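Quick note: the coordinates plus some simple rules give every number you see, no bench work behind them. In this text the structure is predicted, and so the values were computed from the model without any measurement. Here the Cβ positions follow ideal geometry from the backbone for every residue, glycine too, while neighbour counts run over all protein chains shown.
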């Protein structure tokens, strides 16, 4: 055996002392990645379905807004396929949310997904940066206003 082959054998024995263990580890890693992707895919599918229903859109209507056939929307909602980058952008624009929220469901974008009034959302985001005392005042004012509106609607 040449010194080069011997060095390679020693290196392989050190890096891969048990090839079957390395293969098992590699297989386990791939299975874990597949499970992680499945979780992400089902989360995306659920978010897409929930947002579509919140907007009172059928799959056909969402498809038209996003320039897609309704069967694609169905496949996305069932977790059978994932949209391309361009398709994701069109879906997020049609649903008025960020692509990040649609894919990952970040909490900052979750509020944006449910707010139609962007000015109100901006104001709430500013309130979040106020000291706790000021937040309490804003909450009490909001609560009083909403209570008044509920009482007015009951009086009618």
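Fewest to most neighbouring Cβ within 10 Å: what's the order for 104, 132?
On the way: 104 14, 132 7.
The fewest-first ordering by Cβ neighbours comes to 132, 104.
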Full extension from residue 58 to residue 146: what is 0.36 nm times the residue separation minus their Cα-Cα distance, to one decimal in nm?
28.5 nm
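To the nearest 0.05, what FRET efficiency results for residue 87 and residue 126 with a Förster distance of 41 Å applied to their C-beta separation?
Values: r = 34 Å, r/R0 = 0.82.
Approximately 0.75, to the nearest 0.05.
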136, 50 arranged by Cβ crowding within 10 Å, fewest neighbours leading
136, 50
Relative exposure of 151, 121, judged by other C-beta atoms within 10 Å (fewest first):
151, 121
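Would you mind putting 76-86, 138-148 in packing order, based on average other-beta-carbon counts within 10 Å, highest first?
Values: 76-86: 14.5, 138-148: 10.6.
The most tightly packed comes first, giving 76-86, 138-148.
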